C-alpha cells in the first residue's frame, strides 16, 4: 500500500471510529444514568453482578474500559508506518507505567505477589511489561535494573538513577512520568511538516495542561523550590516552552503565575482562583484542541492520536460515573467529580500528588 493510500485508509478508519465518541448531550447526561442503564447502554455486565465486592466490580469495569481503548489503539496502529505506530504505542505505554508504579509500590511496602497482581492491568503484548520477572525482583532497584534490558530501558534507567540519589517514591514516580512525556515529544518531532504542525498543536496542548498543573501543584501544594519544580517539568511544544517555564517557576504566588501565562492561557484562566478551577478549564481547552485536530487535520496519525485522547477522556468519564454509582454518591458529587476527571494516564494522579 502506497503512503498516500495508507493515509487515506487510516483517515477513513479514524472517521468511522469517531462516531463512538460521546455526544455533548451524552457527556452532560451521563451522571444521571443508573447502574442498570449504564450496564445496558455500554455493555458493562460486571455492574450487574452483585457477588464480588464493590472494589472488585470497579476494578473489572476499569479493566474492561482500558481493554476497549487499547484494542482500538491496536486497530488504528495496524495499517500505520513504523514511525506512526511507534508514536501511538508510546502514548499507550502509560498503562504499562501504571503497572510499573503498582509494582514499585508493592516492593516498597513488601506486599506479596498476589497482592501486587491484584493491582495490575492485563495489557496487550505490544506494551506489556515482563511481569513474571519483575514480580520476582527482591526490591525496587533490582526491578528497575531488570527493566533496563528491554524496550522500557530509558524510563527504567532514569528512574533508577533518581531513586539511587533520593530514595523518595515521589521523585521516582515523577521521573517515570517525565520520561514518558519526553519520549512522546521525541517521537512526534521526528515527523515532517505534513504531520508535525498538527502533532505540535495536539501534543503541545496536552503538555501545556500537564506542565501547568504540575507547576502549580509542586510549587503551591507541595511547596517545592523553583529548582526542584523546574527539574520535574517537561517543556511544551507549544506555549509553555522551556524559557517560559523557567520564568514561571520563580514566581511566588498562584496569581502571579496565572498573570504571567501566554495570552491565550492567561485569558482562559484569568478568573481561576484554585488549582481545581485551572484543572477544569484547561482540561476543557485541551479536549477542544483535540476535537479540532480530529475534525480538520490532514495528518492521519495526528487524527488517530486525537481520537484516542478523546476516547480515553470519554471512557474515564464513564468510569467516574460508574464508581460514583457503586459508592452511592449523590448526583451532585458525581457531577463535581466529572468536572475534574482527567485521562487516566495523567501522572498528576501518582502517590504524593
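For the stretch 106-133, filtering for residues that are farther than 19 Å from residue 174 by Cα and in a helix (DSSP H, G or I) leaves 8. The single residue among 239, 223 that is surrounded by fewer than 12 Cβ atoms within 10 Å (Cβ to Cβ), part of a loop (DSSP other than H, G, I, E, B) and out of contact with any strand residue (DSSP E or B) (no Cβ under 7 Å at 6 or more places or on another chain) turns out to be 223.
Checking the conditions here, which among 175, 102, 90 is at pLDDT 95 or above, touching a helix residue (DSSP H, G or I) at 6+ places or on another chain (Cβ under 6 Å), outside any loop (DSSP other than H, G, I, E, B) and surrounded by 14 or more Cβ atoms within 10 Å (Cβ to Cβ)? First the steps, then the outcome.
Working: 175 fails: at pLDDT 95 or above; 102 fails: touching a helix residue (DSSP H, G or I) at 6+ places or on another chain (Cβ under 6 Å).
Step by step, each of 175, 102, 90 is checked, and only 90 is at pLDDT 95 or above, touching a helix residue (DSSP H, G or I) at 6+ places or on another chain (Cβ under 6 Å), outside any loop (DSSP other than H, G, I, E, B) and surrounded by 14 or more Cβ atoms within 10 Å (Cβ to Cβ).
Residue count for the stretch 32-84, restricted to those that are part of a loop (DSSP other than H, G, I, E, B), under 30 Å from residue 187 (Cα atoms) and without any contact (Cβ under 8 Å) to a residue 12 or more places away in the chain: 1. Please specify each residue of the stretch 1-31 satisfying the condition of being assigned to a helix (DSSP H, G or I) and exposed (fewer than 12 other Cβ atoms within 10 Å of the Cβ). Scanning the stretch 1-31 gives 3, 4, 5, 12, 16, 19, 24, 25, 29.
For the criterion of being surrounded by fewer than 17 Cβ atoms within 10 Å (Cβ to Cβ) and either in a loop (DSSP other than H, G, I, E, B) or at pLDDT below 95 (or both), residue 352 passes. Within the stretch 134-172, the set of residues being farther than 18 Å from residue 96 by Cα and part of a loop (DSSP other than H, G, I, E, B) comprises 138, 139, 167, 168.
Of the helices (runs of 4 or more DSSP H) lying entirely inside the stretch 253-348, the ones with 1 or more residues being within 22 Å of residue 177 (Cα to Cα) and either touching a strand residue (DSSP E or B) at 6+ places or on another chain (Cβ under 8 Å) or touching a residue at least 40 places away in the same chain (Cβ under 8 Å) (or both) are found at 275-296, 300-326. Within the stretch 116-123, is even one residue in contact (Cβ under 8 Å) with a residue 40 or more places away in the chain, surrounded by 16 or more Cβ atoms within 10 Å (Cβ to Cβ) and either touching a helix residue (DSSP H, G or I) at 6+ places or on another chain (Cβ under 9 Å) or farther than 23 Å from residue 70 by Cβ (or both)? Yes, that holds for at least one residue. Of these, 97, 123, 144, which one is more than 29 Å from residue 165 (Cβ to Cβ) and under 22 Å from the mean Cα position of the chain (by Cα)? Going through 97, 123, 144 in turn, just one is more than 29 Å from residue 165 (Cβ to Cβ) and under 22 Å from the mean Cα position of the chain (by Cα): 123. Kindly check whether there is at least one residue in the stretch 180-203 that is within 21 Å of the chain's Cα centre (by Cα), touching a residue at least 60 places away in the same chain (Cβ under 8 Å) and more than 26 Å from residue 296 (Cβ to Cβ). Taking every residue of the stretch 180-203 in turn, at least one turns out to be within 21 Å of the chain's Cα centre (by Cα), touching a residue at least 60 places away in the same chain (Cβ under 8 Å) and more than 26 Å from residue 296 (Cβ to Cβ).
The values are calculated or read from the model by the stated rules, or taken from the named source; none is laboratory data. Bear in mind the structure is a predicted one, so any value in this text is a computation, not a measurement. Because the Cβ atoms are built from the backbone with ideal geometry, glycine has one as well, and the counts that use them run over all protein chains shown.
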